[in-house]
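The values are calculated or read from the model by the stated rules, or taken from the named source; none is laboratory data. Predicted model only: the values in this text are computed from it and were never measured. Using ideal geometry, Cβ is built from the backbone for each residue, glycine included, and neighbour counts are taken over all protein chains shown. Just so you know, the surface numbers come from the protein's heavy atoms only, side chains and all, with ligands and any DNA or RNA stripped out. Shrake-Rupley method; radii C 1.70, N 1.55, O 1.52, S 1.80 Å.
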Amino acid sequence: MENLVQLLANEPDQSGFYASLTPSNQARYQQWFDRAKNSEDRQVRLRHIQHELINGHRRLTIGSYMGDVRAPNPKMDDVTLRAKLIETSERLSHRQMAVYAIALCQYVATKLNFLDDPLLHETIAINKRWLAGEITFKEARAYAGVPMQHSRDASDKTHRLFYRMLHQAAVTPHVKRHALIASDFALETLLTKSSQSQVATKERTWQCAQLLKYPLARLKNS
């Protein structure tokens, strides 16, 4: 396996910060990098590691998402733009990601002509009510079981994935990274209607552009 010390050798700021980490935190970075499935995945993970080091993260904070959470069909994706989406989300607040989840659901429903689906409106309402302080994240999490059950009961793949997206959007008030998982399911849902290679790039471009509409917070060293 490639050693991060060697890979970062030409980046003195990054290599210096990496060298200052505790052995356990260095090991966490290295082990996550070593779990890459292929050369493309290694490049994506290296980019994330550099992003983390540049921003002074002593602990790998997005590796668990990248390593453990996968869209149903990760091969049909633009991994570079997915990485950019995750990096951008790190600089957004929990509330901003809930706003994004609402926009994402509306966007996908429009493209699929699902705007009349009552679960769409209920999921959007859950996020809006949480943003307004009318409900707790626990109430949002409890509601999320409804679209999940509809996903299990759906008779076609498009609806099954659409409701999985709504499920993740509904639990965004609980943990903001669920909006990123909703993004994965959004892409997979749209891919059921077109498997053309440019679809992933087009949809990830929209997702990244949507996040960039929100003011980015200044990262603090952690």
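Selection over the range 80-89 of residues that are more than 12 Å from Q207 (Cα to Cα) and either at pLDDT below 80 or open to solvent by 50 Å² or more (accessible area, probe 1.4 Å) (or both) gives a count of 1. Residues considered: K213, K202. Of these, the only one that is open to solvent by 60 Å² or more (accessible area, probe 1.4 Å) and closer than 13 Å to I102 by Cβ is K213.
When the range 160-175 is limited to residues that are more than 14 Å from the chain's Cα centre (by Cα) and part of a loop (DSSP other than H, G, I, E, B), the one that is farthest from M97 (Cα to Cα) turns out to be H174. Restricting the range 44-74 to residues that are among the charged types (D, E, K, R) and surrounded by fewer than 20 Cβ atoms within 10 Å (Cβ to Cβ), which is modelled with the lowest pLDDT? Among residues in the range 44-74 that are among the charged types (D, E, K, R) and surrounded by fewer than 20 Cβ atoms within 10 Å (Cβ to Cβ), the one modelled with the lowest pLDDT is D68. Please determine, by comparing only the residues of the range 141-159 that are within 17 Å of V175 (Cα to Cα) and open to solvent by 60 Å² or more (accessible area, probe 1.4 Å), which one is farthest from the chain's Cα centre (by Cα). Among residues in the range 141-159 that are within 17 Å of V175 (Cα to Cα) and open to solvent by 60 Å² or more (accessible area, probe 1.4 Å), the one farthest from the chain's Cα centre (by Cα) is A142. Kindly provide the set of residues from the range 1-19 that are free of Cβ contacts under 8 Å to residues at least 24 places away in the same chain and loosely packed, with under 15 Cβ neighbours inside 10 Å, ordered by number. Once the filter is applied, which keeps residues that are free of Cβ contacts under 8 Å to residues at least 24 places away in the same chain and loosely packed, with under 15 Cβ neighbours inside 10 Å, the range 1-19 yields V5, Q6, A9, N10, P12, G16, A19.
Answer with yes or no whether D77 is surrounded by 18 or more Cβ atoms within 10 Å (Cβ to Cβ), under 21 Å from R164 (Cα atoms) and at pLDDT below 90.
Spelling it out, D77 is indeed surrounded by 18 or more Cβ atoms within 10 Å (Cβ to Cβ), under 21 Å from R164 (Cα atoms) and at pLDDT below 90.
Being under 23 Å from E90 (Cα atoms) and touching a helix residue (DSSP H, G or I) at 6+ places or on another chain (Cβ under 7 Å) is the requirement here; does H178 meet it?
Answer is yes for this residue.
M165 meets all of the listed conditions (1) closer than 13 Å to V108 by Cβ; (2) of a type in the set (A, V, I, L, M); (3) in contact with a His (Cβ under 6 Å, 6 or more places away or on another chain) but one, namely (3). For S93, only one of the following conditions fails: (1) surrounded by 15 or more Cβ atoms within 10 Å (Cβ to Cβ); (2) modelled with pLDDT of 85 or more. What is its number? That leaves (1) as the condition not met. Determine whether S183 is surrounded by 14 or more Cβ atoms within 10 Å (Cβ to Cβ) and among the polar types (S, T, N, Q). So S183 fits the description; yes. Out of the range 27-43, which residues are surrounded by 16 or more Cβ atoms within 10 Å (Cβ to Cβ) and either among the hydrophobic types (A, V, I, L, M, F, W, C) or outside any helix (DSSP H, G or I) (or both)? The answer is W32, F33, A36. Residue count for the range 106-140 under the criterion of being farther than 24 Å from L190 by Cα, in a helix (DSSP H, G or I) and open to solvent by 80 Å² or more (accessible area, probe 1.4 Å): the result is 4.
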